[in-house]
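Novice: Pasting a structure here, questions to come.
Just so it is clear, none of the values below were taken in a lab; they were calculated from the coordinates. The shown structure was predicted, so the numbers you read here are calculated from the model rather than taken from an experiment. Every residue, glycine as well, gets a Cβ built from its backbone with ideal geometry; the counts of neighbours run over all protein chains shown.
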Amino acid sequence: MNGARIKIHPFIRAALVLFALLLAVYIPLKIYIARSESSDGASREPVLFSIFVTNELNGYREPCG
């Protein structure tokens with residue numbers, strides 16, 4: 001035997017390389033964000049918003065002002 005090699009499709013190889021690159025960027029970025037948020041010292045208040053779902057408004061427009 002000549003040392004059998006496993007053939008990997010070029011698309012799969014490219015996908016694996018892309019995944020490794022994205023992971024190499026994601027991990028340090030995640031660490032940087034975690035450190036900068038913890039040293040900020042300011043507590044962040046949650047943002048509140050409401051969504052109204054309606055139908056048959058027939059061109060209703062919110063009044064200005």
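Novice: Tell me, what is the FRET efficiency for S36 and A14 to the nearest 0.05, using R0 = 22 angstrom and their Cβ-Cβ distance as r?
Specialist: 0.10
Novice: Okay, moving on. Residue by residue through segment 27-35, which ³J(HN,Hα) values in whole Hz follow from phi under the Karplus form 6.51 cos²θ - 1.76 cosθ + 1.60 (θ = phi - 60°), with glycine and proline marked x?
Specialist: 5, x, 5, 5, 5, 4, 5, 5, 5
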